[in-house]
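Reviewing the structure listed below.
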Amino acid sequence: SIPSRAQAITTNTPAIDWRNYGSDVMKPSILQLNPILIPAISEKLNALYTVYRYFEIDDKETFIKEHGNSIRGVVSGGHTGISNALMEKLPALEVVAINGVGVDAVDLDYARKRGIHVTATLGALPEDVADLAIGLLIATCRGICSGDRVVRNGLWAKNPHPGSIPLSRRFSGMRVGIVGMGRVGRAIAARASAFGCPISYTDLHAMQDLDYPFIADLQELARRSDALILSASADKAEGIINAAVLDALGQDGFLVNIARGKLVNEPDLVSALTEGRISGAGLDVFVDEPNVPEVLFGLDSVVLQAHRASATVETRTAMGEMVLASLAQALSGQRPENSLTR
Ligand code: 8YV
C-alpha cells in the first residue's frame, strides 16, 4: 500500500496532529531510514518536518515515485547509511544526517558532487563506545559471561570444585594496541591507561599531540599487544584484521571490535578462535548484521553484543539532538557544523 502524506508522520506521541495545520505544507519533507529510539527526539522531528518512515513503507518504489521529488533531508544510521541508488531518486536532497559517527555506508564523493551535506554525530558517543570496548575486553578475558552461564545454569552447585571453571586472565596492565586513534580510540586509551595498561596505536599517521607509541605496521602492533581494540573508521580499511594479524596477536591475545565488522576478515577470525590461535574476542559489530557466524555461539572465549556501543539513553539523546541541528542548519541554507562533505 502507498503511504500517503497523511500516513507519513505518526510516531510515538503526536500530541498535535500537524497534518491538519495549514503550515504543514511548508514543512520540509524528511525520509527516515532507521527508527530513532528517543521519543523526545522523534517528537521534535515530527513537529518540524513531514517525516516519512521509510523502514515502515512496504511499497517503496511507488512511494518514491510519489514523494521522491519532495524529499530534502534523509536521516539514517551509521551502519545503514544510504545507497547511491536511493540518493539518485531524491533530486531535491540537501542533507543526509547520519545518526552515528561512521559514514562508511554513504558515498561521500557522490554526495559532494551533488552538493549534498553528509553529517555525523561527531563527539556525541566516544564515552559510551569506549566504556563498552573496555567492558567487552574485561568480560572476555575474565570470562564474565561464561561464568554467569555456569551459575545461571546451576553448574556451579552441581560441580562446586573451584577447578571446574578455568582461571581467567588479568586485564590491568595488559598491553593494549588501539587501531584507529580518533575520538573513540583516545577515550579507550584514557580508560585503559587508568588500568595501568601500556598503550600503543596505529592509524594512517602518527598524531603529534599524543605520547603513546605509534606503530605504523598493524602486524607489528598486534605482535606487541595483549589486546587489540578496533576503533577505526572502515572507509578504506576493509579486512585489515586478517589471519596474519591475528597470528601476530597470538594465542594469548584478545581482539575487541566496537567499530565496524568489515574491518575484520570474519572467516579468518572464526578460524583463529575455533583453533585457539587467539585467546578470545569481544565483538559488538559483524560483517553482515544482524547475522553472526553461528559457530561463535558455542565459544566461551567470545562475548557478543548486538551493535550496542552507542545505545544508551544519554548518548542516543545527544546524537538525536545533533541530527536535529544538522537538519535545521542544512535546510536553512547554512553549512551544518558536522558536515563532512561541503
Ligand atoms: C549506531 C554506529 O549504532 O555511530 C555509528 O557509526 O554505528 C552506531 O553508533 C548507529 O549509527 C545507529 O544509528
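The table for this structure:
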quantity: Scan of segment 206-237 for residues that are at pLDDT below 95 and among the charged types (D, E, K, R), ordered by number; calculated: 235, 236
quantity: Condition met for residue 188 (more than 16 Å from the ligand (Cβ to nearest atom) and open to solvent by less than 50 Å² (accessible area, probe 1.4 Å)); calculated: no
quantity: Matching residues, segment 37-60, being among the hydrophobic types (A, V, I, L, M, F, W, C) and part of a strand (DSSP E or B); calculated: 51
quantity: Selection status of residue 3, at pLDDT 95 or above and under 27 Å from residue 105 (Cβ atoms); calculated: no
quantity: Hits in segment 211-221 - residues which are part of a loop (DSSP other than H, G, I, E, B) and open to solvent by less than 30 Å² (accessible area, probe 1.4 Å); calculated: 215
quantity: Number of positions in segment 266-290 that are touching a Pro at 6+ places or on another chain (Cβ under 9 Å) and within 16 Å of the ligand (Cβ to nearest atom); calculated: 2
quantity: Residue check for residue 157: touching a helix residue (DSSP H, G or I) at 6+ places or on another chain (Cβ under 9 Å), of a type outside the set (Lys, Arg) and either crowded, with 19+ Cβ neighbours inside 10 Å or outside any helix (DSSP H, G or I) (or both); calculated: no
quantity: From 54, 110, residue being within 16 Å of the ligand (Cβ to nearest atom) and among the aromatic types (Phe, Trp, Tyr); calculated: 54
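Results for (1) within 16 Å of the ligand (Cβ to nearest atom); (2) out of contact with any helix residue (DSSP H, G or I) (no Cβ under 6 Å at 6 or more places or on another chain), shown as yes or no for each residue.
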{"site": "292", "(1), (2)": "yes, yes"}
{"site": "298", "(1), (2)": "no, yes"}
{"site": "304", "(1), (2)": "yes, yes"}
{"site": "310", "(1), (2)": "yes, no"}
{"site": "315", "(1), (2)": "yes, no"}
{"site": "323", "(1), (2)": "yes, yes"}
{"site": "340", "(1), (2)": "yes, yes"}
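The values are calculated or read from the model by the stated rules, or taken from the named source; none is laboratory data. Note that the structure is a prediction, hence the values are computed from the model and not measured. All Cβ positions, even for glycine, are placed from backbone atoms using ideal geometry, and neighbour counts span all protein chains on display. Ligands, DNA and RNA are excluded from the accessible area calculation, which covers all protein heavy atoms including side chains. Shrake-Rupley method; radii C 1.70, N 1.55, O 1.52, S 1.80 Å.
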